[in-house]
Amino acid sequence: MIPLTLCLAAIFMAVSCKDPDDPTPPKPDIVDTTDTDLGYTKPTCDAFVHDIVDGGFEDCWYKQEMSNEIYVEYQSSVFYSLNSLRALLDVESMALTSSPITAYRDKTDPHSGKSCMKLVTGLLTDGNGQLLIPGAMAPLDENFVYQFLHPDEYPEGINVKRPYTDKPTAIKGFYKYLPVNGDEGSICVELFNGSEKIARGYQRFGSDVSQWTSFNIPIDYTINGGSLSTAQPTHISIIVSSSADYNFADLTNCQGQVGSTLWLDDISFEF
């Protein structure tokens, strides 16, 4: 096994996504003092078999503590945020100076209910450099941090798929977006039959949208040669990001701007 220090150093040497205009990332907000309803046990959320589970981002939050700081994590059967990268701060040999909180439980202005998802692009830093981390959520494995640190063991990159056999025709919901310096956010849905991609829905968000606005992204099943795919899906990937030019193969070649912020609420599939 490659030592963590050597592995992360190799990752930073390959990184080109720095923000020269803002070399010092802002200190992330730690847990809201009003989050007294949350415990440290990950809640049991419904299985993902048809529609998006907890599409209002109400029920699958819980507290975590890393480096003597408490923050709020989100993990449902559909989405896992990148907040768990903060676990790297507790690895003394890695000498990280910051690891961003990129997913927040925002209760100030949800579209409905008591909370919504707020995704913010940030920076992970150590003495060797900076790595841009998009504000993103995806169907990540619980061991995605290990996958991130050991690309030699995971040549296909970080897993962003879940088993899924239904055939939605669109993903819809509500969003707000405040980009920095021309950044763009995105939502991407892809369905697979084994390793073959059989459908895709994709949209980028580029302009300032300060009020809740609806979106409806069709999922196209004619991506392979223009013919309609009749194959049954076996897996699905749903990636939402505050900076659209991410790379989940290894998270080392992301492009974006620190501080770009995407809010989401009440997302679901159409069938």
Number of the condition not met by Thr213 [criteria: (1) of a type in the set (Val, Ile, Thr); (2) modelled with pLDDT under 95; (3) under 25 Å from Pro110 (Cβ atoms)]:
(2)
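Mind counting the residues in the stretch 210-229 that are of a type in the set (Ser, Thr, Tyr) and either in a loop (DSSP other than H, G, I, E, B) or touching a His at 6+ places or on another chain (Cβ under 8 Å) (or both)?
Initially, the stretch 210-229 is screened for residues of a type in the set (Ser, Thr, Tyr), giving 210, 213-214, 221-222, 227, 229.
Filter once more, so that each one left must be either in a loop (DSSP other than H, G, I, E, B) or touching a His at 6+ places or on another chain (Cβ under 8 Å) (or both): 221-222, 227, 229.
Within the stretch 210-229, residues that are of a type in the set (Ser, Thr, Tyr) and either in a loop (DSSP other than H, G, I, E, B) or touching a His at 6+ places or on another chain (Cβ under 8 Å) (or both) number 4.
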Residue check, Asn181 closer than 25 Å to Phe48 by Cα, out of contact with any Lys or Arg (no Cβ under 8 Å at 6 or more places or on another chain) and assigned to a loop (DSSP other than H, G, I, E, B):
no
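Does any residue of the stretch 193-214 turn out to be touching a residue at least 60 places away in the same chain (Cβ under 8 Å), small (Gly, Ala, Ser) and crowded, with 16+ Cβ neighbours inside 10 Å? Break it down into steps so the answer makes sense when it comes.
Quick first cut of the stretch 193-214, residues touching a residue at least 60 places away in the same chain (Cβ under 8 Å) only: 212.
Restricting the remaining residues to those that are small (Gly, Ala, Ser) gives none.
The answer is no, given that none of the residues of the stretch 193-214 is touching a residue at least 60 places away in the same chain (Cβ under 8 Å), small (Gly, Ala, Ser) and crowded, with 16+ Cβ neighbours inside 10 Å.
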Taking the stretch 215-271 on its own, how many of its residues are without any contact (Cβ under 8 Å) to a residue 24 or more places away in the chain, more than 16 Å from Leu191 (Cβ to Cβ) and in contact with a Phe, Trp or Tyr (Cβ under 7 Å, 6 or more places away or on another chain)?
0
Can you confirm whether the stretch 186-201 contains a residue that is part of a loop (DSSP other than H, G, I, E, B) and within 28 Å of Leu124 (Cβ to Cβ)?
no
Only one residue in Pro163, Pro155 is touching a residue at least 60 places away in the same chain (Cβ under 8 Å) and over 25 Å from Ser260 (Cβ atoms), so which one is that?
Pro163
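Is it true that some residue in the stretch 135-153 is among the hydrophobic types (A, V, I, L, M, F, W, C) and farther than 16 Å from Leu251 by Cα?
So in the stretch 135-153, the residues among the hydrophobic types (A, V, I, L, M, F, W, C) come out as 136-138, 140, 144-145, 148-149.
Adding the requirement that they be farther than 16 Å from Leu251 by Cα leaves none.
No, the stretch 135-153 contains no residue that is among the hydrophobic types (A, V, I, L, M, F, W, C) and farther than 16 Å from Leu251 by Cα.
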Report yes if some residue within the stretch 255-265 is of a type outside the set (A, V, I, L, M), at pLDDT 95 or above, under 26 Å from Lys167 (Cα atoms) and over 15 Å from the mean Cα position of the chain (by Cα); otherwise report no.
no
Where residues in the stretch 65-97 are surrounded by fewer than 18 Cβ atoms within 10 Å (Cβ to Cβ) and of a type in the set (S, T, N, Q), which of them is modelled with the lowest pLDDT?
Ser93
Considering (1) surrounded by 14 or more Cβ atoms within 10 Å (Cβ to Cβ); (2) at pLDDT 90 or above, say which one Ala47 fails and leave the rest.
(1)
Residue count, the stretch 158-201 (criterion: within 20 Å of Asn253 (Cα to Cα) and either among the hydroxyl-bearing types (Ser, Thr, Tyr) or more than 15 Å from the chain's Cα centre (by Cα) (or both)):
6
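Quick one: which residue in Pro218, Pro233 is touching a Ser or Thr at 6+ places or on another chain (Cβ under 6 Å) and modelled with pLDDT of 95 or more?
Result of the check over Pro218, Pro233: Pro233.
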Taking Ser243 as the residue in question, decide whether it is buried (at least 20 other Cβ atoms within 10 Å of the Cβ), of a type in the set (Gly, Ala, Ser) and in a loop (DSSP other than H, G, I, E, B).
yes
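The values are calculated or read from the model by the stated rules, or taken from the named source; none is laboratory data. Remember, it's a predicted structure, so these values are computed and weren't measured experimentally. Cβ coordinates were reconstructed from backbone atoms using ideal geometry, including for glycine residues, and neighbour counts include every protein chain displayed.
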